[in-house]
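I have placed the structure first, in the form of structure tokens, so that the comments after it can refer back to it.
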């Protein structure tokens, strides 16, 4: 006989998994976002609904993990360069998103609800916070990397930090600790927190990824450990753990390449398990039956909901007017910042422990969380789609892209395939072709089967979401086979490797590369293997010859360099001549924005390489040219030969753009 609420862990887990699976499928048919569905179903199956699921310790652990994961993902996905470029806008949004709810919340509590000074301040602090509960919706819509969402995420963390600092002041005041010593202690706590987050964790991450490259399980567990160490550090220092989780994601996003296998798994596990359980747990707290028994309490609830909505609408509209944003962007700000969840319930519960807030106000807050979360999810669904559609309209139509990678040495195959995924347009199909050329000998069929097995093993080691296919050709020479397969596939880009033991002369004039260049005019990337490590690079030194801007493939060259820079999250320094810089620098600034560091002027015929100032982990990105190209000069070739000879252990890639 099964009694309610369920006590068997297997039954509880079964119900939760079914809710996670079915609630979005059912409610999205009625145009209710999946996130809102999880909240509603949480309310229905909870202690105040049909009482299927109790509020257990195990569920609390999972929901806490989900909340921290949500904030961690927000920090991990944010474009840090874009965030720093727009930090002023984020600060203004955060300040307004804190100030208006704080003032209106205090006024409502003190003048309309007849609360005392401290409870009214606490109410204002609760309303001034917000949680990016609709973040997964924005992520699914592909707008996380847009400037407007970056501003929203930055504003959110500023508003929440200010709200939690306010809570600390209110708590100290209630306990008689509101003095200089208390303020200095809080300042010291934030200083220690900053040292751990911004100095210790990045160094640990860099060291760890250096020694455990490609080991996904260990990498994921390490990331999870850092997430909870950061949250625990924050809590020990009397800082809200969600702040620790967010900043942990922010400092680690430099070391986790977007769309990499590790990133995909972090995102997948969070969005499929931890975050949904957190949303369900929020729904469990809602008690609508209370208002049927106490209808007079509905008026204060409606008043609080109205103030909660209006106090986030004013900052959104203000930011839209101040920075002349589009109406859809202002509406998206309003939608994403209107939800209260984690910080709100934390602030109210602290107030309850201090004796400032009664249980009725706790219930008001929980219902407020449900209403604003559903509203936020719906608004983000509508306006996020408009922003996504507008973002797509701005992008010009691109030719179909197909990348091929000649493969022969098994030890180099994973590195070349991984690099090809870095420069692959994420908005086009994810297929990358490997090309294997074999001689026509009696044992060729056995060799083909062996090549397929080796290629599959290499692909499996990548744990990538890209689709890799092996094309086998039988030909008299390797270069003829590569060229024939390249033309048959109508490919647009080729990625090849050169061994780090080769001399500069071999690299620039080696038989295979030279012959391939002579048989196709399309873009060719030549990557040094096996030494180049792209997740360890700090900056990119882009060396471009005179007249490169006049080559046929110049526009694609700039696009791909920009994509590589943003994928690796590396800033670029341009090295070129005075004349070329006047043309190329504005293009790079437009494409790269905050990723562009500046220009160093060279006279390549003097063979001076001292001005490069290359660090050990930097990447040399050398644009070269076929002999008949407009940008080909012997002096530039001598310069590049001297450069790779001077930096034999450097991460290095050559690019030959498409030429006539």
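FYI, it's all coordinate maths here, none of it is from the lab. The shown structure was predicted, so the numbers you read here are calculated from the model rather than taken from an experiment. Cβ atoms come from the backbone with ideal geometry, glycine included; neighbour counts cover every protein chain shown.
Sorted from largest down, give the three principal axis spans of the alpha carbons of the chain, whole angstrom values.
88, 61, 43
By how many degrees, 0 to 90 and rounded to 10, does the Cα axis of helix 57-77 deviate from the longest principal axis of the chain?
50
Which whole-number percent of Cα pairs in region 88-192 have a distance greater than 15 Å?
Numbers: 3718 of 5460 pairs.
Summing the P(r) of region 88-192 above 15 Å gives 68 percent of all pairs.
Treating each Cα of region 9-391 as an identical point scatterer and ignoring solvent, apply the Debye formula and state log10 I(q)/I(0) at q = 0.06, 0.14 Å⁻¹.
-0.22, -1.29
Mind pulling the angle between the C-alpha long axis of helix 327-337 and the longest principal axis of the chain? Nearest 10 degrees, somewhere in 0 to 90.
On a 0 to 90 degree scale, this one is about 60.
Restricting to Cα pairs below 8 Å that are 6+ residues apart, what does the relative contact order work out to for region 94-149? Please round to a whole percent.
RCO, region 94-149: 33 percent.
Find the centroid of the Cα atoms in region 566-637 and in region 112-186, then give the distance between the two in whole Å.
With region 566-637 and region 112-186 each reduced to a Cα centre, they are spaced 45 Å.
For residue 13, project a label point 7 Å along Cα to C-beta. Then give me every residue of region 60-91 with its amide nitrogen under 19 Å of that point.
The answer is 60-66.
If the chain between residue 475 and residue 518 were fully stretched, how many nm would it gain, using 0.36 nm times the residue separation less the Cα-Cα distance?
Going from the current span to full extension adds 13.7 nm.
Compute the helix-to-body angle for 147-174: its Cα long axis versus the longest principal axis of the chain, expressed 0 to 90° and rounded to tens.
40
Pulled fully out, how much extra length does the chain show between residue 388 and residue 408, if you take 0.36 nm times their separation in residues and subtract their Cα-Cα distance?
3.1 nm
Beta carbons within 10 angstrom, averaged per residue: use that to sort the peptides 632-645, 277-290, highest first.
My ranking of the peptides, most packed first, is 277-290, 632-645.
Using only alpha carbon pairs under 8 Å that are at least six residues apart, calculate the relative contact order of the chain and give it in whole percent.
Details: 1071 pairs, mean separation 92.6, N = 660.
Relative contact order for the chain comes out at 14 percent.
Quick one: Cα centre-to-centre distance for region 332-355 and region 66-86, in angstrom?
20
Under a plain spin-label model, where a point goes 7 Å from the Cα along Cα-to-Cβ, how far apart in nm are residue 533 and residue 289?
Distance between the two pseudo-spin positions: 5.9 nm.
For region 427-483 and region 356-377, what is the centre-to-centre distance using only Cα atoms, to the nearest Å?
58
How far is it, in nm, from the label point at residue 184 to the one at residue 220 when both lie 7 Å from their Cα along the line to the Cβ?
Result for the modelled spin labels: 4.8 nm.
Treat each spin label as a single point 7 Å out from the Cα along the C-beta direction, and report the residue 579 to residue 29 distance in nm.
6.9
Let me check against my output: what whole-number percent is the relative contact order of region 9-391, with C-alpha pairs under 8 Å and at least 6 apart?
For region 9-391, the relative contact order is 30 percent.
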